[in-house]
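Computed from the coordinates by the stated procedures, all read-outs in this text should not be read as laboratory data. Owing to the predicted nature of the structure, the values given are computational and were not obtained by experimental measurement. Cβ placement follows ideal geometry from the backbone for every residue including glycine, while neighbour counts extend to all protein chains displayed.
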Amino acid sequence: MTSASPATTDAGASGTWVLGDRTVNRIGFGAMRLTQNGKAFHPHAAPSDRGQAIAVLRRAIDLGVNHIDTAAFYFSSLRSANELINSALAPYPDDLVITTKVGPGRDPSGQWIEHATPERLRGQVEENLRQLGRDHLDVVNLRVLGSDSIAERFGALAELRDAGLIRHLGISNVQPEHLAEARAIAPVVCVQNQYGIAVRPEQDAFVRECGELGVAFVPFYSIAGAGREAGASGTERDEVAEVARAHGVGTAEIRLAWTLHRGPHMLAIPGTGDPDHLAANVAAGSLRLSDAELAALDAVHARAATE
């Protein structure tokens, strides 16, 4: 058994990556879970405590987080992630990078609506600008549903980038062919896909490809896994639990640390509305896993391809 490595509760311990032209710490923060308690996007979930959500955001900045992931469609009956970010953090720190997503949408009742047309994407960008109180967006990801061509929609965002409303572009929930298609139109600074230990091991080659191209890979649901919006299921693989015990941390931290060990281009965006979970997630960026531990976790990940 390895000895526990010291955990530092500062996002700077995770290392840095240049996202477009901005340097960010590799442990960031995802805003999806800020708006309600329980399962994200569930119509009957109770709204989150607004004061606590604002406190969590401010604490994240205090802990060195300078990359926040959000979207205008992150809202509940009484809460909007973008409004919470604006209220908590404006005027924004100079080093803060806010990444948002466009493509899908939700009507005021919370029901999902069809993918935005190229014409509607501008409205979604303007909605994010208004809610965040900004005159430009640092990074906008085109969220993709399905395998159809994204050229027309990504091209529309590239025009908004040329107009100065967007600084950098990324893509989310995509396949390798989408990345090639997008890069033929405009630079892509990040790919945001579901990925983690035993979660979508078929993405391994794509993760490596992104690193070779200098494109950040931003895994989501790396803690929740198959639980997705509902969060972690409460069950855990023995190998993950054993490594967690060796380091004196929870299994969520090991899952985050493993993603960061997949390459210097990996950026984690764990989300929470709980101050204690926030501190633990940030501290995961300082965990250093041994070669033996990584081999054991890699084996768990590889087995998932055949399970």
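Could you give the length gained by full extension between Asp148 and Ile113, i.e. 0.36 nm per residue of separation minus their alpha carbon distance, to one decimal place?
Working: separation 35, 0.36 × 35 = 12.60 nm, distance 1.76 nm.
10.8 nm is the gain from fully extending Asp148 to Ile113.
Please give the charge dipole size of the chain, origin at the Cα centre, charges +1 on K and R Cβ atoms and -1 on D and E Cβ atoms. Round to the nearest 20 debye.
Values: 28 positive and 37 negative charges, 97 e Å.
About 460 debye.
Could you give the length gained on full extension between Ala292 and Asp94, defined as 0.36 nm per residue of separation minus the Cα-Cα distance, in nm?
Values: separation 198, 0.36 × 198 = 71.28 nm, distance 4.00 nm.
Full-extension gain reported as 67.3 nm.
Can you give the relative contact order of the range 17-303 as a percent, counting alpha carbon pairs under 8 Å and 6+ residues apart?
On the way: 546 pairs, mean separation 53.4, N = 287.
Over the range 17-303, the number comes to 19 percent.
Determine, from the Cβ-Cβ distance of Asp204 and Asp238 and an R0 of 22 Å, the FRET efficiency 1/(1 + (r/R0)^6), rounded to the nearest 0.05. Intermediate values should be presented prior to the final figure.
On the way: r = 22 Å, r/R0 = 1.00.
E between Asp204 and Asp238, to the nearest 0.05, is 0.50.
For Kirkwood radius over Cα pairs in Å, which listed value, (1) 25.5; (2) 21.1; (3) 19.5, comes from the coordinates shown?
Only one option fits the structure, namely (3).
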